[in-house]
Amino acid sequence: MANKSIISAWPAFSWGIIAGMRSLTAPTFAAHYLSRAYSPVLAGSPLRFLQSAKVATGLKVLAGAEYIGDKMPNAPNRIAAPGLTFRVLSGALVGAAYRLNKSQDATTGAILGCAGALAGSYAFYFLRTRLTQHTPAPDWVYALLEDALTLTSGNLLAQATLTNELSLEEAGIGRI
């Protein structure tokens, strides 16, 4: 029973991790996939805007700007209050949308998304900081590697959790 609870909680937490890595990537992937897969449950909720193709397009533009801005030398670190707050809210939004889309409790999804965003923000901040300090590669190299990881994992997570293209098991999510 506990194993099933962990498996059902894992995707919302994972969406939060993506938000912790890049705050706009999680809602961008969610909106991209949800705008192509109508959900009557979301359509009747305050999160219905995530099913809009216009919202999906707007988020893609904003996410692209975030990826560029992250490489700027004056970019604030992700664990500073304003950025961390936005990442946590982003994780909550997508965690809630995921759970609601699966006819599960949105509040639980929001909490799991928040927790994942905090975990992802701190883990990848300290990982990138330590790698930059202890290796000869500059920070931008690790930023690009993080971008690739975020985009790849975000796309796989979206395919596995927001569409019927992959099951959680096929994507390697849910195996503990």
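The values are calculated or read from the model by the stated rules, or taken from the named source; none is laboratory data. Just so you know, these numbers come straight off a predicted model, no measurement behind them. So basically every Cβ, Gly included, is an ideal-geometry build from the backbone, and we count neighbours across all protein chains shown.
Going by the structure shown, is ARG128 charged (D, E, K, R) and touching a Gly at 6+ places or on another chain (Cβ under 6 Å)? Write out each step before concluding.
Values: charged (D, E, K, R): yes; touching a Gly at 6+ places or on another chain (Cβ under 6 Å): no.
No.
Listed here are the residues, each with its yes/no results for (1) out of contact with any strand residue (DSSP E or B) (no Cβ under 7 Å at 6 or more places or on another chain); (2) modelled with pLDDT under 95; (3) hydrophobic (A, V, I, L, M, F, W, C); (4) surrounded by 12 or more Cβ atoms within 10 Å (Cβ to Cβ).
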{"residue": "THR135", "(1), (2), (3), (4)": "yes, no, no, no"}
{"residue": "LEU149", "(1), (2), (3), (4)": "yes, no, yes, yes"}
{"residue": "ASN164", "(1), (2), (3), (4)": "yes, yes, no, no"}
{"residue": "GLU169", "(1), (2), (3), (4)": "yes, yes, no, no"}
{"residue": "ARG175", "(1), (2), (3), (4)": "yes, yes, no, no"}
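Need pairs with beta-carbon distance below 8 Å; first residue at positive phi and part of a helix (DSSP H, G or I) and within the stretch 1-21, second at pLDDT 95 or above and among the aromatic types (Phe, Trp, Tyr); sequence gap 6+ or separate chains.
Matching pairs, first to second residue: none at all.
List the number of the failed condition for ARG48; all other conditions in (1) closer than 18 Å to LEU156 by Cβ; (2) surrounded by fewer than 24 Cβ atoms within 10 Å (Cβ to Cβ); (3) touching a Leu at 6+ places or on another chain (Cβ under 6 Å) hold.
For ARG48, the failing item is (1).
Any idea which of LEU34, LEU24, LEU42, LEU50 is in contact with a Pro (Cβ under 9 Å, 6 or more places away or on another chain), in contact (Cβ under 8 Å) with a residue 40 or more places away in the chain and either closer than 21 Å to THR108 by Cα or not basic (Lys, Arg) (or both)? Show your work before the answer.
Details: LEU34 fails: in contact with a Pro (Cβ under 9 Å, 6 or more places away or on another chain); LEU24 fails: in contact with a Pro (Cβ under 9 Å, 6 or more places away or on another chain); LEU42 fails: in contact with a Pro (Cβ under 9 Å, 6 or more places away or on another chain).
After applying the criteria, what remains is LEU50.
Search the stretch 88-133 for residues being in contact with a Lys or Arg (Cβ under 7 Å, 6 or more places away or on another chain) and surrounded by 15 or more Cβ atoms within 10 Å (Cβ to Cβ), and hand back the single one that is farthest from LEU162 (Cα to Cα). It would help to see each step written out before you state the result.
First, the residues of the stretch 88-133 that are in contact with a Lys or Arg (Cβ under 7 Å, 6 or more places away or on another chain): 105-106, 108-109, 117, 121, 125.
After this cut, where a residue has to be surrounded by 15 or more Cβ atoms within 10 Å (Cβ to Cβ) as well, the list is 106, 108-109, 117, 121, 125.
On the way: ALA106: 15, THR108: 17, GLY109: 14, ALA117: 19, SER121: 23, TYR125: 28 Å.
Filtering first and then ranking leaves TYR125.
Working carefully through the options ARG78, ARG87, ARG48, ARG99, find the one that is basic (Lys, Arg), under 24 Å from VAL141 (Cβ atoms) and in a helix (DSSP H, G or I).
On the way: ARG78 fails: in a helix (DSSP H, G or I); ARG48 fails: under 24 Å from VAL141 (Cβ atoms); ARG99 fails: under 24 Å from VAL141 (Cβ atoms).
It is ARG87.
Report, ordered by the first and then the second residue, all pairs with beta carbons closer than 7 Å, sequence separation of six or more or different chains, a first member in the stretch 74-100 that is in contact (Cβ under 8 Å) with a residue 24 or more places away in the chain, and a second member that is among the basic types (Lys, Arg) and not in a loop (DSSP other than H, G, I, E, B).
Note: pairs meeting the criteria are ARG78/ARG87.
In the stretch 101-109, is there at least one residue being β-branched (Val, Ile, Thr) and over 18 Å from LEU24 (Cβ atoms)?
yes
Would you confirm whether any residue within the stretch 115-124 is in contact (Cβ under 8 Å) with a residue 60 or more places away in the chain and closer than 21 Å to LEU34 by Cα?
yes
Can you pull out the residues in the stretch 51-74 that are surrounded by 15 or more Cβ atoms within 10 Å (Cβ to Cβ) and assigned to a loop (DSSP other than H, G, I, E, B)?
ASP70
Would you mind finding the one in LYS60, LYS4, LYS71 that is more than 15 Å from LEU93 (Cα to Cα) and modelled with pLDDT of 95 or more? Lay out the reasoning, then the answer.
Values: LYS4 fails: modelled with pLDDT of 95 or more; LYS71 fails: modelled with pLDDT of 95 or more.
Of LYS60, LYS4, LYS71, the one residue that is more than 15 Å from LEU93 (Cα to Cα) and modelled with pLDDT of 95 or more is LYS60.
Suppose we keep only residues that are outside any helix (DSSP H, G or I) and at pLDDT below 95 within the stretch 24-36. Which one would you say is surrounded by the fewest Cβ atoms within 10 Å (Cβ to Cβ)?
Initially, the stretch 24-36 is screened for residues outside any helix (DSSP H, G or I), giving 24, 35-36.
Pick out the ones that are also at pLDDT below 95 and you get 35-36.
Details: SER35: 18, ARG36: 12.
That would be ARG36.
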